[in-house]
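S.K.: There's a structure below that I have some questions on.
The values are calculated or read from the model by the stated rules, or taken from the named source; none is laboratory data. In this text, all values refer to a predicted model and were calculated from it rather than measured experimentally. All Cβ positions, even for glycine, are placed from backbone atoms using ideal geometry, and neighbour counts span all protein chains on display. Just so you know, the surface numbers come from the protein's heavy atoms only, side chains and all, with ligands and any DNA or RNA stripped out. Shrake-Rupley method; radii C 1.70, N 1.55, O 1.52, S 1.80 Å.
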Amino acid sequence: MNKATLPALLLCLSVVAPAHAGRSCEPKKADPANAVKALDLALKARGALDASGAQVALIARAGQDLSKYHLTYSHVALVWRDHPAGRWLVVHELNKCGSALSSLYNEGLGNFFLDDVFEYKTEILLPSADVQASLVRLLASNTPLRLHAPQYNMLSYAYSTKYQNSNQWVLETYAAAKVAPGKIETRSEAQAWLKAADYRPITLEIPAATRLGARMFRANVAFDDHPFERRMAGHIDTVTVDSMMRFIKRHDPQARDIEVSLP
């Protein structure tokens, strides 16, 4: 597909630069064995996407060990096929290294899995055909850009527009795809729809000392958007991959799951 026919969103996205989904981007020594495994996972994921017949899907990676919070995946993106026989492009929000800012990025599956992989597996969620068609139309508009907030917070409150985490952008974009074109154009409208549709964020139990340390030493973590009483009790309600996938499966019974992993 030539540049003139790419969806409007992709024409405005950043090329891949030093950025991660909520990580501080500490320098790491390259590990060729891990790179090979990441690319093998990308190849298997591409094969699964090719076989699915999908136009667009959600794809998750396990970038951190979140088992103490009973979570599996840390980051989710939209993955879109640029034409019927073409490559798969990953569209997602990433935190700029060591900062409280984010941008939207467009990259290939290989890069997606080369960035912060803790466990070599992925979950691919294929929405129903109607929702996929709506997402494709949405990607050809400026709505996903309007739904992006550059003020990044890894633990942003699910129902506040002060900050946004990377999973929240995907969820709010999904909300816009579930309604008639033009009905959701702002984050407030997306969150109102999600609340009415009974989206339930995950509640992380984070004590005061941990919250203070994170706020002092990480630019990409804040808690001041959370309701005061919930925050003081250590209850942090944020958008996670696991909660999003459950919500979509509940709200879109025709959605299909594909799990891909390496031995």
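S.K.: Let me confirm something: among 66, 78, 71, which residue is modelled with pLDDT under 95, under 15 Å from the mean Cα position of the chain (by Cα) and open to solvent by less than 50 Å² (accessible area, probe 1.4 Å)?
M.R.: The match here is 71.
S.K.: I would also like to ask the following. Which of the residues spanning the stretch 141-167 are touching a Leu at 6+ places or on another chain (Cβ under 9 Å) and either open to solvent by less than 10 Å² (accessible area, probe 1.4 Å) or over 19 Å from residue 195 (Cα atoms) (or both)?
M.R.: Of everything in the stretch 141-167, those that are touching a Leu at 6+ places or on another chain (Cβ under 9 Å) and either open to solvent by less than 10 Å² (accessible area, probe 1.4 Å) or over 19 Å from residue 195 (Cα atoms) (or both) turn out to be 141, 142, 143, 144, 145, 150, 151, 152, 158, 164, 165, 166.
S.K.: Can you name every residue in the stretch 69-96 that is of a type in the set (A, V, I, L, M) and in contact with a strand residue (DSSP E or B) (Cβ under 6 Å, 6 or more places away or on another chain)?
M.R.: 76, 77, 78, 79, 89, 90, 91, 94, listed by residue number.
S.K.: Would you be able to say whether some residue in the stretch 215-226 is open to solvent by less than 10 Å² (accessible area, probe 1.4 Å) and at pLDDT 95 or above?
M.R.: Yes, that holds for at least one residue.
S.K.: What pairs come out if I take residues in the stretch 223-234 that are in a loop (DSSP other than H, G, I, E, B) and pair them with residues that are open to solvent by 60 Å² or more (accessible area, probe 1.4 Å) and at pLDDT 95 or above whose C-beta lies under 9 Å away, six or more apart or interchain?
M.R.: Note: pairs meeting the criteria are 224/162; 225/161; 225/162.
S.K.: Of all residues in the stretch 44-61, which are buried (at least 21 other Cβ atoms within 10 Å of the Cβ) and either among the basic types (Lys, Arg) or outside any strand (DSSP E or B) (or both)?
M.R.: Within the stretch 44-61, 45, 49, 54, 61 qualify.
S.K.: Give the residues of the stretch 235-263 that are open to solvent by 40 Å² or more (accessible area, probe 1.4 Å), assigned to a helix (DSSP H, G or I) and either in contact with a Pro (Cβ under 8 Å, 6 or more places away or on another chain) or more than 24 Å from residue 193 (Cα to Cα) (or both), sorted by residue number.
M.R.: The answer is none; no residue qualifies.
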